[in-house]
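Here's the structure, in structure tokens; my notes come after.
The values are calculated or read from the model by the stated rules, or taken from the named source; none is laboratory data. Here the structure is a predicted model, which means the values were calculated and not measured. Cβ sites come from the backbone with ideal geometry, for glycine too, and all protein chains shown count toward neighbours. In case anyone asks, the SASA skips ligands and DNA or RNA and just uses the protein heavy atoms, side chains included. Shrake-Rupley method; radii C 1.70, N 1.55, O 1.52, S 1.80 Å.
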Amino acid sequence: MGDYIFECDGVFKSYGSILALDNVSFKVERGGVVGLLGPNASGKSTLIKLAMGMLQPGTGKLLIDGKAPGAETKKITAYLPDANYLFNWMTVEQQVKYCADFFKDFNMEKCDALLNGLQIFKKQKIKSLSKGTKEKLGLILTMSRDAELYILDEPIAGVDPAARDFILDTVMSNRAEGSTIFLCTHLIADIEPILTHAIFLNRGRIALDAPVAEIKEKEGKSLDEIFREVFKW
């Protein structure tokens, strides 16, 4: 097991004539909370889809735990997409069992505790749940895995401040020991307190890649202030 859980080396990705990622290179050490930060259309979601094996790079390479994305990397990566992925025709219990059968690192005890804490009942049909409860269930299923890497794509977008606090608390309280969190968002102020490392992505290129403490010491500003300067219109 190497020092890095996530590596990009000269990654290019385009959609026809539109260049989404332009020579992206960085390394993510194990054990931290890394923010992949940038405005909409900066290339964040493309990078995450590459990491999950949903897309292939044009050139360059992306590695998870030293391996190209595939079946082996998905065994150690818990992924929360930016859209609802639940099966509406299932009950909560069926959805939980589906995840538990699919992932060997699924922690049923952790899942039951989170469901009970939120009073989400296993006999409920997923289609009967509110939008907010579905989002919480999706988060619970992701964080119920004892994964080495958690990739969370815009987990706090479109939710109210109280829900954001719940989401971040759930993530930090339920991550597996020694795991790495790779958090993709454009809402910097809310996640700044938990970040150990920041990667700014701007129009498909790395604009900043450094530990948060180092950035703040050098700039004398909050990460949110720096973000606003880098990405101002």
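For this structure, a couple of remarks:
- Qualifying residues in the stretch 10-28 (those that are among the hydroxyl-bearing types (Ser, Thr, Tyr) and in a strand (DSSP E or B)) - the one nearest to HIS197 (Cα to Cα): SER25
- Residue list for the stretch 40-54, restricted to those being open to solvent by 40 Å² or more (accessible area, probe 1.4 Å) and part of a loop (DSSP other than H, G, I, E, B): ASN40, ALA41, MET54
- Options ILE151, ILE167: the member that is at pLDDT below 90 and either of a type outside the set (Asp, Glu) or in a loop (DSSP other than H, G, I, E, B) (or both): ILE167
- Residue selected from the stretch 73-90 under the condition open to solvent by 30 Å² or more (accessible area, probe 1.4 Å) and over 18 Å from ILE181 (Cα atoms), by the criterion farthest from the chain's Cα centre (by Cα): TRP89
- The stretch 170-181 - residue that is outside any loop (DSSP other than H, G, I, E, B) and touching a helix residue (DSSP H, G or I) at 6+ places or on another chain (Cβ under 8 Å) and, of those, most open to solvent (accessible area, probe 1.4 Å): MET172
- In the stretch 101-119, of all residues being within 20 Å of the chain's Cα centre (by Cα) and not basic (Lys, Arg), the one that is least open to solvent (accessible area, probe 1.4 Å) corresponds to CYS111.
- The residues of the stretch 6-34 that are open to solvent by 60 Å² or more (accessible area, probe 1.4 Å) and either under 15 Å from the mean Cα position of the chain (by Cα) or not small (Gly, Ala, Ser) (or both), listed by number, are ASP9, PHE12, TYR15, ILE18, LEU19, ASN23, LYS27, GLU29, ARG30.
- Qualifying residue in the stretch 55-78 (condition: among the hydroxyl-bearing types (Ser, Thr, Tyr) and touching a Cys at 6+ places or on another chain (Cβ under 8 Å)): no
- Test for LYS122: is it in contact with an Asp or Glu (Cβ under 9 Å, 6 or more places away or on another chain), part of a loop (DSSP other than H, G, I, E, B), without any contact (Cβ under 8 Å) to a residue 40 or more places away in the chain and open to solvent by 20 Å² or more (accessible area, probe 1.4 Å): yes
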